[in-house]
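Notes follow the structure.
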Amino acid sequence: MHSLAFLCARRLVSHHRSFRRALDFLPAELYPVLIQAAVVDGRRFVVRDLVGTWPFPVLSFHWVLDYRECHYDRPRRRRPIHLDDPKKSCMKAVILGIMAHLRRELEGPWRRTRRGHRFPPPPFQGFFSSPSEKRCRLRVVDMTSLQTEDEENRVPDTLSPWSITDALAKACIEVFKNHTAFLKRCSKQRKGSSGALAAPRSIQVEVLADLYVAGDTDLVCDALRIAAVSPLCLKCRHFHAENLSFAHTLDLVQSLDPAGIRRLDLCFNDLDLHDLCAVLVHVTRFTDLLSLKISYAEEEPETMATRAELQGLSALLGKLTWLKELNFTCCKLSGKLRHALSKVQVPLESLELPVCSLLPNDLAFLSQSIHAPALKKLDLNYLDFSEDFLQPLQDLLEEASASLLHLDLTECRLTDSRLEALLPVLCRCSRLRCLGLCGNPLSSTVLKTLLLETVILLDLRLVYYPYPMDCRRQNLPPPPSASHCLLWHDMDQEHFAVVKAELRRMLVDSGRADIVWTDKFLNYRAVDYFVV
């Protein structure tokens, strides 16, 4: 239920002209609720006016949109952002408001030439001539951690991470070009003026953002290179690059300001192991880096040079002394995990090894390493689970049982008997919050057993489970193998609905209705397991 202040704010921002007249008289304390109401109702011109006169040093767009961190005790569904979503136009309005504020602050004293003529206003200027301009104190705009639509299924021209990055980069470059041209005009006026003219003001607004780049990199590179001297300074906290060549990836990493980079995602770029090592040489400058996601294409067959490069990769990773999270995606580490982690001397809190073709001795190494007792998240997606993996995985989970919060065993060919063998050690993971088992050939019987056994885990909040094999339609040919999971189009929907209802009833009867058991893997956001 909305507060009375919020309802009044919605009424006030509903008429832009009336709001403009009232803007001079509004106390600073009303700005937060006014901008929230304006964003909710899609009042983009009001958003622009409020940002341009923001009376506080910091504006957090994350807070404005009311995007809270997802907790396990209240999973939030993803909400796609459509073409007509008001938040998209409000995002642009925020950027325009920042640009207008900078133009006024930088050019205010120089609006008149020595002959009394005004400079022609820029396209985004032409408003704000009231005393409320003087109280604008905006210096930092936080646009990090914005909820966006699913990156895998994004729709063009929507509020996607890529469109946010492009809009910010264009704004930074435009402000820089306009300000450079203005300084040149000022210089000419000062030389030709008989009176003393004050130097132009120097002011900078920092925009903190998570940047996503795919394909064309020139725009973002230019914005990052001019950040230190531009009035609109683009600063990156989380950086994601994909589908880039080695040269473009290297160019972007070199352009990033090392201060403040906390997460770096370099997966799915055209890099081999040698290229990746060349890029990581520059990544070692990022002293605040907490999370690193990498992948590389391995040459076949493996050579001695490849092994040497893998040891070089480990040495570079060892220089990232603040690293908490490491993700090797689609890296062929069969029997080589020891070499990849040998120089990493700081215990990792998260290790993600999806599609890495691991062998049992890789898990055995990990269970005996310094990382196992510190692990909060373990991702072994697409592990080709066999009987040989059972004991090493049990040992690994035993070592991590005191710290593990998130365990993902999606599509690991985990059968009923193997899951039952893992149940005792799973139940000793006393802090476990999230368990992922999608894509495994499990029956409804073993899923019910899992539910009853794990209700003792008081922190458990989210379980992803696969379509039960006994919900398979009767008229289908037998599956190719016992490890073949059930697909949605092969499922008896009525039977599955009965199973889902029974699982929900069992949760209620066990007094654990707070646990979400779901088969819809993409409907719940990934959760940060460590606070950054």
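The values are calculated or read from the model by the stated rules, or taken from the named source; none is laboratory data. Note that this is a predicted model, so its numbers are computed, not measured. Please note: Cβ atoms are built from the backbone with ideal geometry, for glycine as well, and neighbour counts cover all protein chains shown. The protein model used for the area step is the full one, side chains on, heavy atoms only, and it has no ligands, DNA or RNA in it. Shrake-Rupley method; radii C 1.70, N 1.55, O 1.52, S 1.80 Å.
In the assembled protein chains, Leu219 presents an accessible area of approximately 50 Å² (probe radius 1.4 Å). Surface calculation, 1.4 Å probe, protein heavy atoms: Asp41 sits at approximately 40 Å² accessible. Anything over 22 Å Cα to Cα? Flag those among Lys376/Lys500; Lys332/Lys377; Lys235/Lys377; Lys377/Lys520; Lys293/Lys520, in the order listed. Result: Lys376/Lys500; Lys235/Lys377; Lys293/Lys520 exceed 22 Å.
These residues, Lys235, Lys520, Lys188, go from largest to smallest accessible area, 1.4 Å probe, as Lys188, Lys520, Lys235.
Using a probe of 1.4 Å on the protein chains alone, the accessible area found for Phe268 is around 120 Å².
Shown are Trp322, Trp517, whose ranking by accessible area with a 1.4 Å probe and every protein chain present, most to least, is Trp322, Trp517. Residue ranking by accessible heavy-atom surface, 1.4 Å probe, largest first, among Trp54, Trp63 comes out as Trp63, Trp54.
In this label model, Ala228 and Glu420 are separated by 6.5 nm, measuring between points 7 Å along each Cα→Cβ vector. Computed with a 1.4 Å probe over protein heavy atoms only, the accessible surface of segment 341-439 comes to 36 Å² per residue. Among 457-465, 324-332, sorting by the average number of other beta carbon atoms lying within 10 angstrom of each residue, highest first, gives 324-332, 457-465. From the alpha carbon centroid of segment 216-230 to that of segment 1-33 is 36 Å. In the full protein context, segment 202-332 carries 40 Å² of accessible surface per residue, based on a 1.4 Å probe and ignoring ligands, DNA and RNA.
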